[in-house]
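Below is one structure, written out as structure tokens; comments come after it.
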Amino acid sequence: MKGPPLLSQPRVQRVLYPVLIGVVLVALWQWMVVAMELPPYLVPSPFLMVQTLVTDWAPLGNALLVTLKITLLSFLLATVAGVLISFLFVQSKRIETALFPYAVLLQVTPIVAVAPLIIIWVKNPVAAMTVCAALVALFPIISNTTLGLRSIDPDLQSYFKLNRATRWQQLVRLRIPSALPYFFGGLRISSGLALIGAVVAEFVAGTGGSGAGLAYQILQAGFQLNIPRMFAALLLISLTGVALFVLMAWLTKLALGSWHASELSQD
């Protein structure tokens with residue numbers, strides 16, 4: 001039996017449609033720059049941006065590795081801390097009621113306001129920027145995982161209690177499987193926030209030299225009016241964010257694809 005045409009498959013469409021929109025937008029950008037004769041120091045063309053990315057890859061590539069290192073460390077720290085805090089919240093409604101407002105406080109406090117203090121308190125620049133970025137990425141993990149741990153079937157919970165299951169057994173066999181879709185949803189949000197937090201922390205720290213990230217490259221390019229390099233650095237940040245989201249989506253599919261309705265649906 002012959003399957004559906006390639007272009008009608010949802011998996012192909014999820015890639016094809018965004019790519020087509022991107023090609024149209026890039027072509028329109030290139031046409032506007034050429035037609036309006038915009039100077040490179042104002043708005044570079046996509047061709048010049050990619051050309052600059054290739055010619056200046058040595059400093060930009062090293063900066064990307066620094067930013068990526070801080071992003072991954074902060075994301076790992078936020079994930080571990082967020083899961084542990086969620087496990088604590090689910091043990092008692094009183095504990096959650098008492099401590100959850102402080103998690104919200106971390107979320108609504110601008111990182112640019114507290115980053116200078118963290119940089120002063122933590123002497124190691126990489127550790128300081130990792131803490132700053134982790135604070136930005138922490139709340140989605142806490143909120144989503146806590147919601148998932150509490151979103152369990154009441155009948156299943158009654159069944160576990162009827163069989164005298166311990167708190168540990170309920171956590172491992174009931175709450176954690178129920179929380180996995182919420183947890184991975186939090187990971188998709190948190191991965192992007194970790195990248196944003198890393199770039200913001202680099203801006204605040206203002207580190208230069210070999211240990212500088214993409215934020216320093218953007219600042220330096222702005223001071224030198226090297227706008228093509230600035231756009232190239234921004235492109236790297238955007239592509240890194242997309243790559244992190246795709247990686248989290250792949251992990252979600254890997255973990256939930258064989259049993260959860262959100263991944264089994266073909267619509």
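The values are calculated or read from the model by the stated rules, or taken from the named source; none is laboratory data. Quantities reported herein were computed from a predicted structural model and do not represent experimental measurements. Please note: Cβ atoms are built from the backbone with ideal geometry, for glycine as well, and neighbour counts cover all protein chains shown. The area values use the complete protein model at the heavy-atom level, side chains included, leaving out ligands, DNA and RNA. Shrake-Rupley method; radii C 1.70, N 1.55, O 1.52, S 1.80 Å.
For Asn226, nonlocal amide neighbours, meaning residues 5 or more places apart or on other chains whose placed amide H falls under 5 Å from its own, do not occur. Among the listed pairs Lys93/Lys161; Lys93/Lys253; Lys161/Lys253, those whose Cα-Cα separation exceeds 29 Å are Lys93/Lys253; Lys161/Lys253. Remark: segment 124-140, residue by residue, has Karplus-estimated 3J(HN,Hα) of 6, x, 5, 5, 5, 5, 5, 4, 4, 5, 5, 5, 5, 8, 6, 4, x Hz, where x stands for each Gly or Pro and the curve is 6.51 cos²θ - 1.76 cosθ + 1.60 at θ = phi - 60°. Carbon-plus-sulfur accessible fraction, segment 65-254 (probe radius 1.4 Å, protein heavy atoms only): 71%.
Take segment 65-254 with all the other protein chains still there, run a 1.4 Å probe, and you get 52 Å² of accessible area per residue.
Among Leu162, Phe223, Ala98, whose Cα lies farthest out toward the positive end of the dipole of segment 65-254, if unit charges sit on the beta carbon of Lys, Arg (+1) and Asp, Glu (-1)? Most positive-ward Cα: Leu162.
The residues Val204, Val242, sorted by heavy-atom accessible surface at 1.4 Å with ligands and nucleic acids left out, run Val242, Val204 from largest to smallest.
Give me the net charge for the shell around Tyr159: Cβ to Cβ below 15 angstrom, other residues only, Lys and Arg +1, Asp and Glu -1. Please report the intermediate quantities before stating the final value.
Values: positive: Lys161, Arg164, Arg173, Arg175; negative: Asp153, Asp155.
For residues surrounding Tyr159, the net value is +2.
Checking (i) -0.90, -1.27; (ii) -0.81, -1.30; (iii) -0.64, -1.36 against log10 I(q)/I(0) by the Debye sum over Cα atoms at q = 0.12, 0.17 Å⁻¹ calculated from these atoms, the matching label is (i). With the largest listed first and rounded to whole Å, the semi-axes of the equivalent ellipsoid of segment 51-90 from the Cα gyration tensor are 37, 7, 4.
Could you work out the local net charge near Phe75, counting Lys and Arg as +1, Asp and Glu as -1, over the other residues with Cβ closer than 13 Å to its Cβ? Before the final figure, lay out the partial values.
Values: positive: Lys69, Arg188; negative: none.
After counting each charged neighbour, the total is +2.
Put simply, when 142-151, 243-252 are sorted by average Cβ atoms within 10 angstrom per residue, most first, you get 142-151, 243-252.
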